[in-house]
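Written below as structure tokens is the structure these notes are about.
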Amino acid sequence: MQLKKELGFIEIFALATGAMISSGIFILPGLAFAKAGPAVFLSYFFAGLLALTGVFSFAEVTSAMPKAGGDYFIATRSLGPLTGTVSGLLSWFAISLKTAFAILGIAEILHVLLGFPFTPSALVICLLFTIINIIGVKESGKFEVIIVMILLAAIVYFILRGLFVIDILRFEPFSPHGFHDVIYTSGFVFVAYGGLLKIASIAEEVKQPQKTIPLGLFSSLFVVMILYSLMLIVTVGTLDGNKLADSLTPIADAAKSFLGQPGYIIMTFAAMLAFVSTANAGILAASRYPFALSRDMLLPDFLSRINRHFKTPVRAILLTSAFITLAILLPLETLVKSASTVVIITYILSHLAIIILRESKMQNYLPGFRAPFYPWIQILGLLAFTFLLIDMGFEIIIGSAVLAFLGVLIYLLYGKRRNTQEYAFLHLIARITNRAVRSNNLEKELKAIIQHRDDIALDRFDYIVEQSDILDLDCPSDLNHLFSLLAEEISSRSGLPREMILESLIERENDSSTAISPFIAIPHIILEGVKSFDLIIVRCRKGIKFSEEYPEVKAVFVLYGSRDERNFHLQALASIAQIVQSRDFESRWLKARSKNNLRDLILLSERRRLT
């Protein structure tokens, strides 16, 4: 059962922005300043640039495969179910931890300002967001938009007032611990950009994902990078360094230094909204990982059941909420490093995925957005993220390895026996070794994803293409040979005499050539009978000689039917004309590796569907 598409650009922008602007900026700057000094805003900016390399890859693969589970689904279809299981569980763990921390932040603010009991408040807040997410993703998305708009207004007010009171002397010495620590701190604060992963995990519920997701990701990242940098410049320039290094509320403390108590209250309220948006988006995104793993039979199937009334994966949401309530016992720095490490690993996997998917040359890998400067951005990202991963420290890497090992165990003990998922790495190996992949399951799945992604409603022409004969000729040919083959095929399908069909083909060609270009020909004939229409598709890489003018036709679409189907005959001609004019049709036609690939090329080409 498919999840319902209810999220547009504004919801995607709000979910990504709200998921990023939270603890990463309202709590971490103090810890990051202690490591990098006044140059800490560069650490955030460099982390954003690194995130940008990952977003290029995420935007491409997600626009090609907008499915629940996002980075997990991508890892499974590119690197295999073992890697996908590990990736899905790590991402679920990281987002759940970040969500737990956001809920703790809300509880702490309520405790400080209103005296509410800490632990009971956290449990009630978690329950509230669980209910919101169960009710529906549309309601969750609208709730996020309202929160993020208010949050952005408060941040812009903080920046505009603070820029005019900055003390430039507070930036000296600029990098007291050396530039290496500025770079190292980029890895530490990388979790501040982890919210981008949440968009990949809810991609299946996005309207026009091939356009909406890339636009939402890039616009959100650019806005957040600029806001982070300006907020930190204001904070460093207005707050005493010693106080900043010890603060867990650095933005609110900075606001108090130049706006007084009202400023402190405004930014504390903004922090509350940031935590609320992170918690809301976090439960929404994290719950899609066990849902996607279950749908692929890598976890028990009850987690993939969608509630008939709310159209949401209620059991996956409840499991995620239960885990979040247990995650509040981790120390703050360990939580941040663990989450950052997992986010870095996920970005590494996204770069590997795009390389494997492109180099596998699968025909039905059709992203709505293609990352520029391939493969240099991916290579740069892999090197940079590997460096940051090493810099995170031995303990954190060991912890991530333990979690990865747990994922391997779950796969070996449960998923391996149930999941037979085909993946792109097999296609890459087959291409390198010049062997054929035994099945066509991944191409079929990608075709179904594209049809759902592009809201393609199959029409009569599609069904005819699905049932049509395809002739893939290896040797050069001429009209006599082609028409002889066609007459045999049409006779076997229609039951009409072969000689009569051959005569009709020759007569039609003598009237005027059916070759419409040096590459394409569309022979079409009228046969006896009623309510009869069919299609034969022919490819000849070395060319068919139709005439002196068109000696090497490579694509032939043969239409034949009864006289009462004349109107549909014309509609089918129009459909073929649109298909052959699509981008890169000729090169893709010649590169298609099988008859199924040829059929899918026709079915997935852009055209106006018949009503």
Review point. When ILE602 is evaluated against the numbered criteria (1) touching a residue at least 60 places away in the same chain (Cβ under 8 Å); (2) more than 18 Å from ARG460 (Cβ to Cβ), which criterion, by number, is the only one it fails?
Key: (2)
Point to revise | Considering residues of the range 533-585 that are of a type in the set (Val, Ile, Thr) and in contact (Cβ under 8 Å) with a residue 60 or more places away in the chain only, the residue farthest from GLN467 (Cα to Cα) | key: ILE544
Point to revise | Enumeration of residues in the range 427-449 that are surrounded by fewer than 18 Cβ atoms within 10 Å (Cβ to Cβ) and under 17 Å from ILE356 (Cβ atoms) | key: ILE429, ALA430, ARG431, ILE432, THR433, ARG435, ASN441, GLU445
Point to revise | Hits in the range 64-85 (condition: at pLDDT 85 or above and either assigned to a loop (DSSP other than H, G, I, E, B) or surrounded by fewer than 24 Cβ atoms within 10 Å (Cβ to Cβ) (or both)) | key: MET65, PRO66, LEU79, GLY80, LEU82, THR83
Check your understanding: Just checking, which of SER277, SER229 is in a helix (DSSP H, G or I), surrounded by fewer than 24 Cβ atoms within 10 Å (Cβ to Cβ) and either assigned by TED's automatic domain parsing to the domain that holds SER57 or not aliphatic (A, V, I, L, M) (or both)?
Key -> SER229
Practice item. Quick one: which residue in ALA430, ALA371, ALA401 is of a type in the set (Gly, Ala, Ser), free of Cβ contacts under 8 Å to residues at least 24 places away in the same chain and assigned by TED's automatic domain parsing to the domain that holds SER57? Key: ALA401
Exercise for review: Evaluate the range 199-221: report whether one residue or more is buried (at least 19 other Cβ atoms within 10 Å of the Cβ), of a type outside the set (S, T, N, Q) and under 18 Å from ILE109 (Cα atoms).
Suggested key: no
Point to revise | Filtered residues of the range 450-477 (kept if surrounded by 13 or more Cβ atoms within 10 Å (Cβ to Cβ), outside any helix (DSSP H, G or I) and touching a strand residue (DSSP E or B) at 6+ places or on another chain (Cβ under 7 Å)) | key: SER468, ASP469, ILE470, LEU471, ASP472, LEU473, PRO476, SER477
Practice item. Tell me, yes or no, whether the range 29-42 has at least one residue that is small (Gly, Ala, Ser), in a helix (DSSP H, G or I), surrounded by 22 or more Cβ atoms within 10 Å (Cβ to Cβ) and modelled with pLDDT under 85. Key: no
Review point. Is one or more of the residues making up the range 312-327 in a helix (DSSP H, G or I), in the same structural domain as ALA94 (by TED's automatic domain parsing), among the basic types (Lys, Arg) and buried (at least 21 other Cβ atoms within 10 Å of the Cβ)?
Key: no
Review point. So which residues in the range 232-262 are over 38 Å from the mean Cα position of the chain (by Cα), among the polar types (S, T, N, Q) and either crowded, with 22+ Cβ neighbours inside 10 Å or not in a helix (DSSP H, G or I) (or both), if there are any at all?
Key: THR238
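The values are calculated or read from the model by the stated rules, or taken from the named source; none is laboratory data. Since this is a predicted model, take the numbers as computed values, not measurements. Neighbour counts are summed over all protein chains in view; Cβ atoms, including those assigned to glycine, are modelled from backbone coordinates with ideal geometry.
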